[in-house]
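Encoded as structure tokens, the structure appears first; notes follow it.
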Amino acid sequence: MSANVLIRRGRLIDPRNRVNGVRDVLIRDGKVAEVSERPLPAPGPGGEWTPIDASGLWVLPGFIDLHVHLREPGEEGKETVLTGSRAAVAGGFTGVVAMPNTRPPNDSPLVTRFVLDRAREAGLCRVYPAGTISKGLEGKELSEMGLLVEAGCVCFTDDGRPVMSAGLMRRALQYSSRFEVPVSVHAEDLTLSASGCATEGERATRLGLGPIPASAEAAMVARDLVLAEEVGTRLHVAHVSCEASVRLIREAKRRGVRVTAEATPHHLTLTDEAIDGYDTHAKMSPPLRSERDVQAVRQGLADGTIDAVATDHAPHGILDKQCEFDRAANGVVGLETALPLALALVRAGVLTPERLAAVLSFGPAEAFRLPGGHLGVGAPGDVSLVDPEAEWRVDPGRFLSKGRNTPIEGRVVKGRVERTLVGGRVVYEAGAIR
């Protein structure tokens, strides 16, 4: 498929370039060559061109997901770089950051290069590896950060495991500042979350589930903000889920702390009510919270406290979820359902269409300094074409991900990705990989 495309008469929403209106977008050799309010003529001879009629569609900068578990190497039965990339482009994501808690973990350039090689073989979305903060994810000794950056890592994280040692976290922030690469933190104080599996409150008590207080997250957010402020380096807070964390991040940003944050579609749309009936598909870390927390996270996304929507896409096998609630694996899949859940926030008046585009594209790109995030001249030709009114029923059996673990199975949602372009090449169209 050609990397030369003329997208005609779609509603271009590009918050970085302050565009929201009908435009033609010309992509030449994989990059945006021209954006015009007036219809552009068909390109002349001398190359292969793909015309796309985007009438009635939103033309958005390709989505970037800062938090995806591709499971490869080591757990290919749950997901691979290829199947995860297919799910990504089906959801409109043209770039994903691959978490390092694989088997073995990505704490060496060898694993980083392996992931990049698999991404090149897949030839779909852009895959950006994340390196571990600590060797072996053990929280004891720093990984070789310089070598990981050199190999292609774009951030450091021990995602899935908090760094309990404040001293190690401080050293990680100090070393990462040399490379201007953010440290992304899984904020959880294990002495507070202990063996809990549901957010503290009436529901956890009634179901007999071990409670996890919001302070388990907020206490670690506070600690890491203090360290980042002292060191003066970049901190990213993953999967923000509670009101106290939003407040702490907002206040830190006002003081000039170099912090960014993300929220997941599930923490923006579901409360702990979803675990009724011991539904293990609603078991995640951090756990689903109260309605008050959900409203606070939504407000944080709307006012810029939270910079990005990130799915924390975490595919699991059937047996990982078909067991007792407290023994079930944490996590849900999210790449293929993120768009309609985020669009629901627009219809609810929480986000504007411009803010929606920002938190799916420009915000993530800025947070990790990744290519894309906008469709100005010279930008990568990474585009998501969206029908905001298309209704469909969530059927995990039709996911392109290997994962089927979603708490919204059967829900009728509105908003569908019609085409995804990466570098001007159509990689997904009308429900199929190209």
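The values are calculated or read from the model by the stated rules, or taken from the named source; none is laboratory data. On a predicted model such as this, the values are computed, not experimentally measured, just so you know. With ideal geometry, Cβ positions are generated from the backbone for all residues, glycine too; neighbour counts draw on all protein chains shown.
Within the stretch 278-293, residues that are under 18 Å from R327 (Cβ atoms) reach partners that are aromatic (F, W, Y) with beta carbons closer than 8 Å, at six or more positions or on different chains, in the pairs Y278/F325; T280/F325; K283/F325.
Looking across V294, V350, one residue alone is part of a helix (DSSP H, G or I) and β-branched (V, I, T). It is V294.
The residue that is surrounded by the most Cβ atoms within 10 Å (Cβ to Cβ), counting only those in the stretch 247-269 that are of a type in the set (A, V, I, L, M, F, W, C) and within 20 Å of the chain's Cα centre (by Cα), is A261. Among the residues of the stretch 157-209, the one identified as among the hydrophobic types (A, V, I, L, M, F, W, C) and without any contact (Cβ under 8 Å) to a residue 24 or more places away in the chain is A194.
Counting only residues that are surrounded by 19 or more Cβ atoms within 10 Å (Cβ to Cβ) and assigned by TED's automatic domain parsing to the domain that holds R258, give me the helices (runs of 4 or more DSSP H) lying completely in the stretch 175-236 with at least 3 of them.
Working: elements: 190-193, 202-207, 215-231.
Counting at least 3 such residues, we get 215-231.
Could you tell me which residue of the stretch 395-434 is modelled with the highest pLDDT, considering only residues that are farther than 13 Å from R86 by Cβ, among the hydrophobic types (A, V, I, L, M, F, W, C) and outside any strand (DSSP E or B)? Going through the qualifying residues, I end up with I408. Considering the stretch 335-381, the residues that are in contact with a strand residue (DSSP E or B) (Cβ under 9 Å, 6 or more places away or on another chain) and at positive phi include one that is surrounded by the fewest Cβ atoms within 10 Å (Cβ to Cβ), namely G378.
Does V163 satisfy being assigned to a loop (DSSP other than H, G, I, E, B) and touching a strand residue (DSSP E or B) at 6+ places or on another chain (Cβ under 8 Å)?
On the way: assigned to a loop (DSSP other than H, G, I, E, B): yes; touching a strand residue (DSSP E or B) at 6+ places or on another chain (Cβ under 8 Å): yes.
When the stated conditions are applied, V163 passes them.
Counted as qualifying within the stretch 36-127 are the strands (runs of 3 or more DSSP E) with 3 or more residues that are under 13 Å from the mean Cα position of the chain (by Cα), namely 63-68, 93-98.
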